[in-house]
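To start, the structure under review is shown below, and the notes come after it.
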């Protein structure tokens, strides 16, 4: 089994804590949280674990520029921009849709502070001409003397999966030290790399006593199964992992996307407020709040947290809160429950 190199960027290990007050509020449930929102300030969240391997791969190929894509509040784009600033790499971000009017907020403000080069497209334009747009940006960079490397959304690619293969071993050690054996692990899933890496880590480290649950926050279950399975197969093939991907091993909890990716809804906003007031921990409206709704619903139906502890993987995203202050502080609409 070939293990790739990594550049040490994240503050590891991240803490594992028990949410005592929240658990009491939910009838005495055993609820734990892996604080991957604390991988670093500027690089906070799950993306940096994947970028550690992607950047090492880029450097080995002699690249001096990372090019990636996302929405205007993309945590991945912000983390990529911060990593590039730290390492002296050029960063190019392709955003869709166009920037909203008004001053930059949240992750968009940070992208500017980190000095990233930014290009804006309408969603329709980018969806229709994505390959052409990416090829054109890479070609222009090469013509000006750069050696660019394309990084897919979320750094969700075969080498990026190693971030969560490694994180799974870290979490397993922490759970063992805390006296937790059988458990459910719940995480948000979108571009699929975190889920794929965690699943591969679970299989490689033979954590058969874990049940891993992904909560799609963008796309549907069919799309997520295809994405996660594809990433797992790609990593297995590239690195000679002694595994076979079985799609039936994927557990996904549907029904928490709402009106779409990046569109907050009422119960997600309420989850942000509730966890903040009970535990002093911030979720975000795009990923973790939606996934936490699934966990809470599972606790209330006694699927999680009673027969065995439930562990929430907090993948970060705190800066997104500053892009939607009005929605977070005063509900203006959302998913009907």
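Evaluate the relative contact order of region 1-92 (contact order divided by residue number), counting alpha-carbon pairs under 8 angstrom at least 6 apart; express in whole percent.
Values: 113 pairs, mean separation 25.2, N = 92.
Result for region 1-92 is 27 percent.
Sort the chain into rounded, prolate or oblate with this rule: let a ≥ b ≥ c be the square roots of the eigenvalues of the Cα gyration tensor; rounded if a/c is under 1.5, and if a/c is not under 1.5, prolate when a/b is larger than b/c, oblate otherwise. Don't skip to the answer; put the middle values down first.
Working: a/c = 1.74, a/b = 1.26, b/c = 1.39.
Oblate, because a/c is 1.5 or more while a/b does not exceed b/c.
Can you show me the helix-derived [θ] at 222 nm for the chain, built from DSSP H runs with n ≥ 4 at -39,500 (n - 2.57) apiece and divided by the number of residues, rounded to the nearest 500. The partial results should precede the final answer.
Details: 11 runs with 141 residues, N = 337.
Calculated at 222 nm, the ellipticity per residue is -13000 deg cm²/dmol.
Taking 8 Å as the Cα distance limit and 6 or more residues as the minimum spacing, I'd like the relative contact order of region 47-155 as a percentage. Could you put the intermediate results ahead of the total?
Details: 154 pairs, mean separation 40.4, N = 109.
Reported relative contact order: 37 percent.
Relative to the longest principal Cα axis of the chain, at what angle does helix 75-87 sit, 0 to 90 degrees, rounded to 10?
So the helix axis and the longest Cα principal axis differ by about 60 degrees.
What Kirkwood hydrodynamic radius do you get for region 143-208 when you take the inverse of the mean 1/r over all pairs of distinct Cα atoms, in Å? It would help to have the intermediate numbers written out before the result.
Numbers: mean 1/r = 0.0749 Å⁻¹.
When all Cα pairs of region 143-208 are included, the Kirkwood radius is 13.4 Å.
Run through all the Cα pairs of region 245-315 and give the fraction in each 10 Å bin from 0, expressed as whole percent.
Per 10 Å bin, starting at 0, the Cα pair percentages come out as 19, 48, 28, 5, 0.
Calculate how steeply helix 288-300 sits against the longest principal axis of the alpha-carbon atoms of the chain, using the helix alpha-carbon long axis, and give the answer as 0 to 90 degrees to the nearest 10.
The answer is roughly 20 degrees.
What whole-number distance in Å separates the alpha-carbon centres of region 143-163 and region 47-113?
10 Å
Of all DSSP beta bridges located in the chain, what percent are antiparallel, nearest 5? Intermediate values should be presented prior to the final figure.
Working: 3 of 32 bridges.
Of those bridges, close to 10 percent are antiparallel.
Provide the FRET efficiency to the nearest 0.05 for the residue 306-residue 329 pair, computing r from the beta carbons and using R0 = 45 Å. Don't skip to the end; give the middle numbers.
Details: r = 33 Å, r/R0 = 0.74.
In this case the efficiency is close to 0.85.
Order by neighbour count: 156, 249, 229, 191, fewest other Cβ atoms within 10 Å first, most last. Before the final figure, lay out each step's value.
On the way: 156 27, 249 13, 229 18, 191 24.
Taking fewest neighbouring Cβ atoms as first place, the list is 249, 229, 191, 156.
Could you give the angle, 0 to 90 degrees to the nearest 10, between helix 123-143's Cα long axis and the longest principal axis of the Cα atoms of the chain?
For 123-143 against the chain, the angle is about 50 degrees.
Using the number of other C-beta atoms within 10 angstrom as an exposure proxy, rank 162, 32, 150 with the fewest first. Spell out each step's value before the answer.
On the way: 162 26, 32 23, 150 18.
Ascending Cβ contact count within 10 Å gives the list 150, 32, 162.
For region 47-155, what does the alpha-carbon gyration tensor say about shape, rounded, prolate or oblate, given a ≥ b ≥ c as the root eigenvalues, a/c under 1.5 as rounded, and a/b over b/c as prolate?
Working: a/c = 1.70, a/b = 1.20, b/c = 1.41.
In terms of gyration-tensor shape, oblate.
Can you tell me the relative contact order of the chain? Whole percent, Cα pairs under 8 Å, sequence separation 6 or more. Could the numbers behind the result be given before it?
Numbers: 636 pairs, mean separation 72.5, N = 337.
Relative CO of the chain lands at 21 percent.
Can you tell me how region 10-105 classifies by the Cα gyration tensor, rounded, prolate or oblate, using a/c under 1.5 as the rounded cut? Display every interim value, and only then the final one.
Details: a/c = 3.31, a/b = 1.63, b/c = 2.02.
Oblate.
No lab work stands behind these numbers, since they all come straight from the coordinates. Keep in mind the model is a prediction, meaning the values are calculated, not measured. In this analysis, Cβ positions are derived from the backbone assuming ideal geometry, glycine residues included, and neighbour counts consider all displayed protein chains.
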